[in-house]
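Here the structure is laid out as structure tokens; the discussion comes afterwards.
The values are calculated or read from the model by the stated rules, or taken from the named source; none is laboratory data. Just so we're clear, the structure is a prediction, and the values are computed from it rather than from any experiment. Neighbour counts run over all protein chains shown; Cβ positions are idealised from the backbone, glycine included. Just the protein is used for accessible areas: all its heavy atoms, side chains included, with ligands, DNA and RNA removed. Shrake-Rupley method; radii C 1.70, N 1.55, O 1.52, S 1.80 Å.
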Amino acid sequence: MTDVKATTATQEAIAAMTASLPLQDRQDLEDATRGLIGRAARRQITAEDGRVVWDLDAYEFMRNAEAPETANPSLWRQGQLLIEDGLFEVVPGIYQLRGYDLSVMSVIEGDTGVIVIDPLISAETAAAAFALYTEHRGERPVRAMIYTHSHADHFGGVKGIITQEQVDAGEIAVIAPEGFLHHAIAENVFAGTAMTRRAGYMYGAALDRGPAGQIGAGLGQTTSTGTVSLIAPTVDIVRTGETLTVDGVEIVFQMTPGTEAPAEMNFYFPQHRALCTAENTSHTLHNILTIRGALVRDPHAWSHYLTETIGLWGDELEVVFASHHWPTWGRERAVEFLAMQRDMYQYLHDQTLRMMNQGYTGAEIAEVLPMPPALEQQWHTHGYYGSVSHNIKAIYQRYMGWYDANPANLWPHPPETVAARYIEAMGGRDAALAVARRAWEDGDYRWCVEVGKHLVFADAQDTEARALLAEAFEQLGFGAENGTWRNAFLAGAAELRTGSFGTPVSTSADLLQALTVEQVLDSIAVRIDGPRAWHEHLDVAWRISDEDRTYLVELRNGALHYRTASAVPEGTTTFTLERRALIGLVTGTLDLAEAMGDGTVAVDGDPSVLGRLVAVLAPVDPDFEIVVP
Ligand SMILES: [Zn+2]
């Protein structure tokens, strides 16, 4: 779509917003390139099958280039900073690999080896990044791995650097905040398929790169598409003030649960006066609720923990670095950066509640609440990843839910039904299309997509309506300062034109293997086809031999329940197997008949009960439609 142009209305909207940008502040450019040691000669990172999972040159068209009319200059600038790839020195002894994935990996040198923080998303990108480190700093054994929090862009690449065997042998400690493993996989159990499909919109990994295409995601350029791995932590950090010395490096921890992730921690290196803030601060307004979908985060707690961070180390720290973006050097600047980030979340939280208590709804507050001028004049408080608009709606949602208390919104028709009625009310398809075209001519793309959405939901085959909707999405994307908004708009346009691009990443075998028995049972429960199952009543017992626990599972009224029990009621079929075999059965990598044949699974009772359970399971759809009904 490189021939697509920005309309005059889009260019005017961009010009109006550009006028207030702090263009004179060029500190980030200095910081994003400071301490560069070297860049990789090999620019494409491939998987075993030869597929490119990350291309360090994918955004070369942005380097030293003025923002094209098809991009918001503020987002363009953010992308230019994010493509500064290479090995960077933070301070002597602390290094970062940046530009290798959505996230950033840090390496701390100890007496005999290194500590690695947050090994990116994919084993392939992590291995390539670590190879660049080794090329410049020499072969140094990994003594410890730290995961700052439970999101996959902070652990998925771990097996590109270390092996499970090394960890099992006690050679390498894997350090993480308490609750890490549970939360790392919990997201995938309940809503994983839907979230991953929606992440394709948010990060735009399947979109073409280019001036009129994908130019970044604000937090990083996009997500790599290699092998997501996981090695379970061996050391849980549980309290603030806890101190570890690893390979001669002292680390002091601060727990920050319920901030950017449910399990997250900041930590300080006193010998370097360096603070790692995980993902609790970054060079963007972050998400209270990501547009891929998630539980709403707590900006009140987030802000509170940052106040605590400043109290703990604000008097002595000399540099702040995190697992996205570039560091901030100098005590005064670093503390002001922490404080500004903190103020931003607290302001959004408090002002949303103030206006909520004055009777405004989320959508109304999002439209009118101004940010303080001092925050507007910082780059790192701009909404490249989170946005003021969707964060305010998220805070409203956190306290009030989806319903705005207007009974007209309590029981509306669902999208397809309401679409048909709107089109009819507007005088039919041609008249409605004329309304959408007029909105296009007026540069009112928000109204254009509202009408266009109804046209397409009333008739998905209406090619004229689809084309107009796609064009309006593009203009909204071109104007967006927020990377995830731009990606979402352009993804919608792309799918209207060429159909679903599906889900660009695949499920991680390691993540599946880490499921607890409870999580496996939960994942079965959410796949039960209720109406098909509501006449089925069955009981089955699972004896998990390697955990020495028995689960009684009952399906009734379309709902699956489970509990642990010391005895199995008479007549209940019991399957005895290891946890991993249970996962194999559920994921289809293990065949029941074969497993019973070779003794992997032992059955006491009638095994056909399992067939009855499988018969009421519904498949998930990783390619479900979004912009068409
Ligand atoms: Zn992250």
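Would the range 82-89 turn up any residue that is within 16 Å of the ligand (Cβ to nearest atom) and crowded, with 24+ Cβ neighbours inside 10 Å?
The initial filter retains those residues of the range 82-89 that are within 16 Å of the ligand (Cβ to nearest atom), namely 82.
Then drop every residue that is not crowded, with 24+ Cβ neighbours inside 10 Å, which leaves 82.
So far as the range 82-89 goes, yes, one or more of its residues are within 16 Å of the ligand (Cβ to nearest atom) and crowded, with 24+ Cβ neighbours inside 10 Å.
Output the residues belonging to the range 350-381 that are touching a helix residue (DSSP H, G or I) at 6+ places or on another chain (Cβ under 6 Å) and not hydrophobic (A, V, I, L, M, F, W, C).
Passing the criteria: T352, G362, Q378, T381.
Do we have V107 as open to solvent by less than 10 Å² (accessible area, probe 1.4 Å) and without any contact (Cβ under 8 Å) to a residue 40 or more places away in the chain here? Show your work before the answer.
Details: open to solvent by less than 10 Å² (accessible area, probe 1.4 Å): yes; without any contact (Cβ under 8 Å) to a residue 40 or more places away in the chain: yes.
Considered against the rule, which asks whether it is open to solvent by less than 10 Å² (accessible area, probe 1.4 Å) and without any contact (Cβ under 8 Å) to a residue 40 or more places away in the chain, V107 comes out as yes.
Which members of the range 602-623 meet the condition of being in a loop (DSSP other than H, G, I, E, B) and open to solvent by 60 Å² or more (accessible area, probe 1.4 Å)? Walk me through it before giving the result.
Of all residues in the range 602-623, those in a loop (DSSP other than H, G, I, E, B) come to 605-607, 616, 618-623.
D606, P619, V620, D621, D623 - these are the residues of the range 602-623 that are in a loop (DSSP other than H, G, I, E, B) and open to solvent by 60 Å² or more (accessible area, probe 1.4 Å).
Check T148 against each of (1) away from the ligand (no atom under 16 Å from the Cβ); (2) out of contact with any strand residue (DSSP E or B) (no Cβ under 6 Å at 6 or more places or on another chain) and name the one condition it does not meet.
Exception for T148: condition (1).
I'd like the full set of residues that are under 34 Å from the mean Cα position of the chain (by Cα), of a type outside the set (D, E, K, R) and outside any helix (DSSP H, G or I), limited to the range 399-438.
Across the range 399-438, the qualifying residues are G401, W402, Y403, A405, N406, L410, W411, P412, H413, P414.
Is there a residue in the range 209-225 that is at pLDDT 95 or above, buried (at least 23 other Cβ atoms within 10 Å of the Cβ) and away from the ligand (no atom under 16 Å from the Cβ)?
Looking through the range 209-225, at least one residue is at pLDDT 95 or above, buried (at least 23 other Cβ atoms within 10 Å of the Cβ) and away from the ligand (no atom under 16 Å from the Cβ).
In the range 372-397, what count of residues is obtained for those that are hydroxyl-bearing (S, T, Y) and more than 21 Å from G479 (Cβ to Cβ)?
Qualifying residue count, the range 372-397: 1.
Matching residues to (1) closer than 16 Å to H272 by Cβ; (2) assigned to a loop (DSSP other than H, G, I, E, B); (3) open to solvent by less than 10 Å² (accessible area, probe 1.4 Å); (4) within 13 Å of the ligand (Cβ to nearest atom):
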position	(1), (2), (3), (4)
Y95	yes, no, yes, no
D101	no, yes, yes, yes
D111	yes, yes, no, no
L120	no, yes, yes, yes
T125	no, no, yes, no
A128	no, no, no, no
Y133	no, no, yes, no
R140	no, yes, no, no
R143	no, no, no, no
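Identify, by number, the condition in (1) open to solvent by 10 Å² or more (accessible area, probe 1.4 Å); (2) among the hydrophobic types (A, V, I, L, M, F, W, C); (3) out of contact with any Pro (no Cβ under 6 Å at 6 or more places or on another chain) that A460 doesn't meet.
All conditions are met except number (3).
One line per residue, one yes/no per condition, for (1) closer than 25 Å to G99 by Cα; (2) among the polar types (S, T, N, Q):
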position: T223; (1), (2): yes, yes
position: G226; (1), (2): yes, no
position: T234; (1), (2): no, yes
position: T243; (1), (2): no, yes
position: D247; (1), (2): no, no
position: F267; (1), (2): yes, no
position: Q271; (1), (2): no, yes
position: C276; (1), (2): yes, no
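Only residues in the range 351-367 that are at pLDDT 95 or above count as the first member; pair them with residues that are part of a loop (DSSP other than H, G, I, E, B), Cβ under 7 angstrom, at least 6 apart or cross-chain, and list the lot.
Q351/L369; M355/L369; T361/D404
Please enumerate the residues belonging to the range 308-342 that are open to solvent by 30 Å² or more (accessible area, probe 1.4 Å) and either within 16 Å of the ligand (Cβ to nearest atom) or under 27 Å from R239 (Cβ atoms) (or both).
Across the range 308-342, the qualifying residues are E308, I310, G311, L312, D315, E316, E318, R331, V335, R342.
Tell me, which residue of the range 6-41 that is without any contact (Cβ under 8 Å) to a residue 12 or more places away in the chain and in a loop (DSSP other than H, G, I, E, B) is nearest to F88 (Cα to Cα)?
A41
Out of curiosity, is R438 touching a Leu at 6+ places or on another chain (Cβ under 8 Å), surrounded by fewer than 20 Cβ atoms within 10 Å (Cβ to Cβ) and modelled with pLDDT of 95 or more? Step through it out loud before you land on a result.
On the way: touching a Leu at 6+ places or on another chain (Cβ under 8 Å): no; surrounded by fewer than 20 Cβ atoms within 10 Å (Cβ to Cβ): yes; modelled with pLDDT of 95 or more: yes.
For R438, the condition - touching a Leu at 6+ places or on another chain (Cβ under 8 Å), surrounded by fewer than 20 Cβ atoms within 10 Å (Cβ to Cβ) and modelled with pLDDT of 95 or more - is not met.
Would you point out which residue out of G558, G584, G530, G588 is farther than 13 Å from V616 by Cα and open to solvent by less than 40 Å² (accessible area, probe 1.4 Å)?
Working: G558 fails: farther than 13 Å from V616 by Cα; G530 fails: farther than 13 Å from V616 by Cα; G588 fails: open to solvent by less than 40 Å² (accessible area, probe 1.4 Å).
After applying the criteria, what remains is G584.
Taking the stated definitions as given, is S389 surrounded by fewer than 18 Cβ atoms within 10 Å (Cβ to Cβ), part of a helix (DSSP H, G or I), more than 16 Å from the ligand (Cβ to nearest atom) and within 25 Å of the chain's Cα centre (by Cα)? It would help to see each step written out before you state the result.
Details: surrounded by fewer than 18 Cβ atoms within 10 Å (Cβ to Cβ): yes; part of a helix (DSSP H, G or I): yes; more than 16 Å from the ligand (Cβ to nearest atom): yes; within 25 Å of the chain's Cα centre (by Cα): yes.
Yes.
Could you grab me the full set of residues in the range 495-525 that are under 20 Å from the mean Cα position of the chain (by Cα), of a type in the set (S, T, N, Q) and surrounded by fewer than 17 Cβ atoms within 10 Å (Cβ to Cβ)?
Applying the first criterion (under 20 Å from the mean Cα position of the chain (by Cα)) to the range 495-525 yields 501-512, 514-515.
Applying the additional criterion that residues be of a type in the set (S, T, N, Q) yields 503, 506-508.
Hits for the range 495-525 are S506, T507.
Would you please name the residue that is farthest from the ligand (Cβ to nearest atom), looking only at residues in the range 231-270 that are open to solvent by 10 Å² or more (accessible area, probe 1.4 Å) and closer than 28 Å to D85 by Cβ?
Taking the range 231-270 as the starting set, the residues that turn out to be open to solvent by 10 Å² or more (accessible area, probe 1.4 Å) are 232-236, 238-248, 250, 252, 255, 257-258, 262, 270.
Okay, now just the ones that are also closer than 28 Å to D85 by Cβ, so 246-247.
On the way: V246: 23, D247: 25 Å.
Residue satisfying both the conditions and the ranking: D247.
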